[in-house]
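The block underneath contains the structure these notes are about, expressed in C-alpha cells.
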Ligand code: FES
Ligand SMILES: [Fe+2]
C-alpha cells in the first residue's frame, strides 16, 4: 500500500515554509513573464522569486540583464512593478544612492564626508541570471546558476509541437486568485491524475484520462492525454477555439506539465496557458493564469465559438446536480472545483485528528514523486 511521504505539518508549519523559500525558491529558475512583457528597449520588470526581489532590464541595445532589486546600502527596494527607464540612473528612494543600468554604483550623497575610502566597485547591485525559453522570460537569483536549457533538459520532447512565440495572448482572460492553501497542495492537485475523472467528471470530460501518459523528467513532471473519442471525431466543429495542432497529429491532445517547483503549463490542441503558482504564506498561494491562442482574425474566433456551442452546452455540467450553482461543486467550472478542494484540504490538515489515508498506486504516484523531490531539495539545497 502506497502512502504520502509528507505529514500534515509540511503544509502548515511556517518553519518548513521558510526552509522552502530559502532552499527551493531561492535556488531555482522562476518564470518572470512572457517575452512580449519586456519587448521594448529601455524597459524593466520586477519579479518576486521566493524571498528575492529581482529586476530584469532590457537596455538600449536590447540586451537583457538581471539584478537583485535591493540597494547595497541598507537593502531598500529600488524599482517598483514594471515600466520604462526614465532616468539615466537608478536611484534608491531611501538615501539616493545611484546605480547605472549595468547595476554599478556611480554616486551617493556626501560620499567624501561620510564614506571615506569607499570602494564603489564592490557595491554593484547583486547580479541575477536571465534567460528565454519557449517564449517566456525566466530568472534565477544566482548569477552562476545552471543554464535554463540544462534545467529543462529533456522536457521539450514532452511539450506541444507548436511555436509559442507565434501565438497571441487573450489579455482579457488573465485570471488571478489567492487560494487559502499551501502551495504544495495546489501543485499536488494540478498533477493528481486520480481526481480528473471524478472531481472534473462534468468539466474536463473532453479528454481521455484513461490513456494519459505521465511521469517525471528530472524534477519536472510531464503529462499528456489524447482527446476523448467524441470530441476528436468531429473536432473541426467541436473545438471552441481555432486549432493549434493538426487534427491527424499523433500528439493531438493536451500537454500539462508541472515545471519544478510550481509552474504549470497547459498546452492543448487549441490554447496555450501558464499556471503560475506563487507561495505567499504557509497557507496562502497566488495563482496567475494567462492564455495564448492562435494568431488569427476575430471572425475566425467568433465562427468557431458559434460552431462549437452546441457541443459544449451539452457536455459541460456540474459534478453533481444536488449542489446549487453558486457552490463551487455546482459551478461547472473546473477551476472553482479545484480551488474548493485545495482550501478544504488545508482546513483538514490543521485538525489534530487528521491523518492521510492510502495513496492511489498509479493515479497519485505524481504526488509522491513531487514530495520526494521537495524533500531532496530541502535536504540537499
Ligand atoms: S538604502 Fe538605498 S540609499 Fe540607503
Ligand atoms: Fe483539477
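Just so you know, all these numbers are worked out from the coordinates, no wet-lab data involved. Please read all numbers here as calculations on a predicted model, not as lab measurements. Note that we place each Cβ from the backbone using ideal geometry, even for glycine, and neighbour counts take in every protein chain shown.
Binning the C-alpha pair distances of the chain at 20 Å intervals from 0 yields a P(r) profile of 25, 53, 20, 2 %, listed from the shortest bin outward. The mean sequence distance of close C-alpha pairs (under 8 Å, at least 6 residues apart), as a share of the length of the chain, puts its relative contact order at 20 percent.
A full extension of the chain between residue 168 and residue 89 corresponds to an added length of 25.1 nm, given 0.36 nm per residue minus the alpha carbon distance. Measuring from centroid to centroid over Cα atoms, what is the spacing of the range 151-221 and the range 332-381 in Å? Spelled out, the Cα-based centre of one part sits 16 Å from the other. Between 43, 61, 209, the GNM of the chain built on Cα springs shorter than 10 angstrom shows 61 fluctuating the most.
Rounded, prolate or oblate, given the Cα gyration tensor of the range 144-201, with a/c below 1.5 counting as rounded? Prolate, because a/c is 1.5 or more and a/b exceeds b/c.
Computed across the range 30-144, the Kirkwood radius stands at 14.5 Å (inverse of mean 1/r, all Cα pairs).
Normalised by 2.2 N^0.38 Å, where N is the number of residues, the alpha-carbon radius of gyration of the range 155-380 equals 1.04.
Placing R0 at 22 angstrom, the Cβ-Cβ distance between residue 100 and residue 147 gives a FRET efficiency of 0.25 after rounding to 0.05.
Computing FRET efficiency as 1/(1 + (r/R0)^6) for residue 354 and residue 320, where r is the C-beta to C-beta distance and R0 is 35 Å, gives about 0.90. Computed from Cα positions, the angle between helix 334-349 and the longest principal axis of the chain comes to roughly 70 degrees. Across all C-alpha atoms in the range 95-241, the radius of gyration and Dmax reach 24.1, 79 Å. Kirkwood analysis of the Cα pair distances in the range 11-55 returns a hydrodynamic radius of 12.2 Å.
Most mobile of 84, 188, 225 per a Gaussian network model of the chain (Cα springs, under 10 Å)? The residue with the greatest mean-square fluctuation here is 84. Helical runs assigned H by DSSP (4 residues or longer) give the chain a calculated mean residue ellipticity at 222 nm of -6500 deg cm²/dmol, each run adding -39500 (n - 2.57) before division by the residue total. Can you tell which of 33, 253, 107 shows the greatest fluctuation in a Gaussian network model of the chain with Cα springs below 10 Å? Ranking 33, 253, 107 by mean-square fluctuation puts 107 first. Here the calculated FRET efficiency for residue 22 and residue 178, from their Cβ-Cβ distance with R0 = 25 Å, stands at 0.65, rounded to the nearest 0.05. Axis angle, to the nearest 10 degrees, between helix 14-23 and the longest C-alpha principal axis of the chain: 70 degrees.
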